[in-house]
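Written out below as structure tokens is the structure these notes cover.
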Amino acid sequence: MELHNLSIREAHELLSKKQVSSAELTAAALKHIHQTDALIHAFVTVSDELALEQARLADERLRSREGVTLLTGIPFAVKDCISTKGVCTTCSSKILENYIPQYNATVMDRLAEAGAVLVGKHNMDEFGMGSSCENSAFFSTHNPWDLERVPGGSSGGSAASVAASMGAFALGEDTGGSIRMPASFCNVTGLKPTYGRVSRYGLIALVSSFDSIGPMTRDAYDCAAVLQVIAGKDPHDATSLLAPVPDYIKGLEKPIKGLRLGIPKEYFQSGIESGVEDSIREAIRKFEELGMEIREISLPHTKYGLPVYYLILFAEASANLARFDGVRFGLSVTEGAENVIDMFLQTRREGFGPEVKRRIMLGAYVLSAGYYDAYYLKAQRVRTLLRRDFEAAFEQCDALVAPTCPTTAFKLGEKTDNPLTMYLSDIYVVSTNPAGVPALSVPCGFSNGMPVGMQLIGKHLSEDMLLRIGHAYQSVTDWHLKRPVVAK
Amino acid sequence: MPKNHASQTTIIDINKVKYVAHLVRLGITEEEAAVFSPQLAAIIDYFNLLNEVETGDTPPASETSTIRSVMRADDVQPSMPRQDFLKNVPHQDGEFVQVPQVFDEE
């Protein structure tokens, strides 16, 4: 096996035994990125120099055996909405094309403390607005399993990068499926943690009440290793949770026998690709063999998840993106501006792409007088019902299993003409974010040669259990080990 | 376009598009407004699906987690040094941020 193909666990073992250095691992990752990313286009920025310097420091740490963690010396990259001090952070938008943050997101500080090695920043749908990575202002990312298909979105660069072995792991960000959906399309394991489990400080906000940073990895074990480092209270984020962080790695070995697994019937209705449904049903049989108790349940408001999610997104995003005004950072277009309003109008017109424009206009529309009650307030009321659906379900079972997406990865360009059709590909992933619950997407098969993912959904702060179920499944299956040719 | 539960009723005409664009301080041409108008209407129209749900006196959700009223000591903390902040400011004189005229002459 090549060095760039190693998982966190495998690389850590070699590093601990001094069979390889972080400098070697990092150089191998960078070399593979420079060779392979010409096909995939997963990276907006590759930070060679910084990576080699961080690798050198990690090797010192490994030599002295002080402060060594599972992530020490391991190369990784992050979605380009996570602020990295001194490294360009664009949100794949023209408005931030040359923006270099003067501070780190808390997750970046924590990964640096753990000794992980940043190799670059991943392409995404502009400001996270999209489900295919085609809304990047720079270029589209290609699915490593079929270059004519999308990697999913919005963390498409991160999923494609992990699938193609360009870095051992990634951090994505999930506002309404943006970690799980591309994880499913690319055969990657991806976790959207409980809202507040991971600090949002330094994350460029899309929807402040939905946004969750989480790991995208080769397997559930690696997911646990990354979550261990990034989870926990942060004084810089008042919404981060105080609850103690359990030992996720230790938790993986606990038994799953006897746990009750719910099948939400609304997630298996018309529109689901037969190959996807077959894979999920097969996985459910596996869970039964593993001793889990399977029961059908209902989440009656599922079909309203999509409008609830998007209406609240429009409203919060239009407010969050008000900060891009050409004054303090980013693009600023002042030529011919007679006053400050002209500068705002021109800067935002040139800086934002069409999907961002649509969504912030819709935000202003649903918040405006006469429409606020009918749309925004109505959505917040139905959001309460969505949350109650999950609460009721978790009285009958410990976790839910469902397809992550109704289909496998679609073709580039297939859905770009119709924004609403694109929104509908998120149908199974959006409901968890308004409810704030965690969900883990796990590879569980292939349909017509493309990967299928299932999501395990749990109640608030049940990441340890979701990872344990995912790990148990991956201990008896090998879907997660399958790699596209470009990863070699 | 997905089949709608109700008839296509929402109209967001070009003037409305220009109005909301101005509310979010987004410069827009007549041609762009004409493209956005049916797109925005179709999206809002689909989301009228929510009218099916009887919400009665269900309270609107106002937060995602169970956290309420997080308090901390009101201590003075160091903030980002001015020179670091100014590194990203597009128009400045080395000390202050510069913008075009904000107030009318009168």
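Structure summary
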| item | result |
| --- | --- |
| Accessible surface ranking that places the most exposed of A:3, B:23, A:306 first, with a 1.4 angstrom probe | B:23, A:3, A:306 |
| Fraction of alpha-carbon pairs over 49 Å apart in the protein assembly as shown - percent | 8 percent |
| Mean-position separation - Cα centroids, segment A:447-469 and segment A:72-150, in angstrom | 23 Å |
| With DNA, RNA and ligands ignored, accessible area of residue B:75 (1.4 Å probe; Å², nearest 10) | 90 Å² |
| For segment A:187-261: rounded, prolate or oblate by the Cα gyration tensor [a/c cutoff 1.5] | prolate |
| Computed [θ] at 222 nm, helices only, for the protein assembly as shown once each DSSP H run of length n ≥ 4 contributes -39500 (n - 2.57) | -11000 deg cm²/dmol |
| More than 17 Å apart - percent of Cα-Cα pairs taken over segment A:102-147 | 53 percent |
| Estimated FRET transfer efficiency when R0 is 45 angstrom, pair residue A:391-residue B:10 (beta carbons, to 0.05) | 0.85 |
| For segment A:36-146: rounded, prolate or oblate by the Cα gyration tensor [a/c cutoff 1.5] | prolate |
| Heavy-atom accessible area ranking, 1.4 Å probe, most first, across A:32, B:91, B:22 | B:22, B:91, A:32 |
| With all protein chains modelled, accessible area of residue A:17 [1.4 Å, Å²] | 120 Å² |
| Environment charge at residue A:22 (Cβ cut-off 13 Å; Lys +1, Arg +1, Asp -1, Glu -1) | 0 |
| Debye intensity ratio in log₁₀ form over the Cα atoms of segment A:1-87, taken at each q of 0.22 Å⁻¹ | -1.13 |
| Candidate lysines for bridging to residue A:233, where Cα separation is under 20 Å - those fewer than 8 sequence places away on the same chain excluded | A:192, A:459 |
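The values are calculated or read from the model by the stated rules, or taken from the named source; none is laboratory data. A quick note: this is a predicted structure, and the numbers were derived from the prediction, not measured. Cβ sites come from the backbone with ideal geometry, for glycine too, and all protein chains shown count toward neighbours. We work out accessible area using only protein heavy atoms, side chains counted, and drop any ligands, DNA or RNA first. Shrake-Rupley method; radii C 1.70, N 1.55, O 1.52, S 1.80 Å.
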